[in-house]
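Colleague: I'd like to ask you about the structure that follows.
Bear in mind that the values in this text are calculations on the coordinates, not laboratory data. The shown structure was predicted, so the numbers you read here are calculated from the model rather than taken from an experiment. So basically every Cβ, Gly included, is an ideal-geometry build from the backbone, and we count neighbours across all protein chains shown.
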């Protein structure tokens with residue numbers, strides 16, 4: 001009972017904080033500017049500090065602008081925008097909050113891609129991603145590749161494709177997303193480890209959804225064969241985790257509403 005109470009309190013606190021952040025664009029832009037300025041002023045000089053402050057403030061506004069991005073393939077793009085503030089609201093608030101926090105803490109880049117907002121920082125050999133609504137908070141991810149792309153760029157692209165699949169889960173499940181996909185995925189990653197996590201059903205489900213979307217939209221740089229066969233630059237994902245097989249996609253069931 002005590003553990004459940006603490007968990008409920010923590011969830012409520014996170015929800016309150018994320019809602020506060022996502023409802024204060026001016027405050028976020030101001031804090032972002034200050035973070036960028038003080039990050040550079042003592043090492044790179046006043047002029048560069050001003051430029052970094054302006055860049056992070058622009059990023060902050062661009063993060064909020066992600067609310068109004070659509071994938072261009074939908075017959076009702078306004079429906080995607082409306083759903084982020086209603087159907088997907090819990091994870092949308094969290095997505096904005098974590099994106100703003102990343103922008104404050106590190107020199108991130110903000111990019112739009114088919115309705116998704118990627119908030120990404122580069123450097124090192126770590127590749128990671130977290131998806132909340134149409135926000136992907138990443139490390140060394142990128143939205144495109146070509147024949148001249150490096151090894152690491154290919155890793156970053158195919159990992160971005162995977163994270164895109166999680167945005168499709170969010171669109172479909174709405175308020176069930178965190179309990180149905182997000183929390184089980186986090187739990188599995190923590191307690192089973194990264195390698196086993198690749199085969200977890202939430203991850204393979206995201207892979208299939210992404211594969212269907214990217215192949216169907218004929219997105220430049222995406223290679224269906226590479227994706228389903230799991231070449232070395234897809235970070236060792238198992239071939240079983242891919243494939244254009246809608247029968248294996250796990251959409252929420254009626255009973256999932258009892259655990260929301």
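Colleague: Can you put 83, 56, 75, 192 in order of Cβ neighbours within 10 angstrom, beginning with the fewest? Let's see the in-between values first.
Modeller: Values: 83 18, 56 24, 75 5, 192 13.
Result, fewest neighbours first: 75, 192, 83, 56.
Colleague: Moving to a separate point now. Considering the Cα positions of the chain, please state its Rg to one decimal place and its Dmax as a whole number of Å.
Modeller: When restricted to Cα atoms, the chain yields Rg and Dmax of 18.7, 58 Å.
Colleague: Based on alpha-carbon centroids, what's the gap between the stretch 90-161 and the stretch 46-85 in Å, whole number please?
Modeller: 13
Colleague: Also, quick follow-up: Which FRET efficiency value, to the nearest 0.05, is calculated for residue 199 and residue 149 with the Förster distance at 25 angstrom and r the Cβ-Cβ distance? Write down the numbers at each step before the final one.
Modeller: Values: r = 26 Å, r/R0 = 1.06.
So, using R0 = 25 Å, E works out to roughly 0.40.
Colleague: Using a 10 Å cut-off around each Cβ, can you sort 74, 60 from fewest to most neighbouring Cβ atoms? Walk me through the numbers before you get to the answer.
Modeller: Details: 74 13, 60 27.
Lowest to highest Cβ neighbour count: 74, 60.
Colleague: When only C-alpha pairs under 8 Å and at least 6 residues apart count, what is the relative contact order of the chain, in percent? Could the numbers behind the result be given before it?
Modeller: Details: 399 pairs, mean separation 35.5, N = 260.
So the answer I get is 14 percent.
Colleague: If each residue's Cβ is checked for other Cβ atoms within 10 Å, how do 112, 255 rank with the fewest at the top? Spell out each step's value before the answer.
Modeller: On the way: 112 16, 255 7.
So the ranking, lowest neighbour count to highest, is 255, 112.
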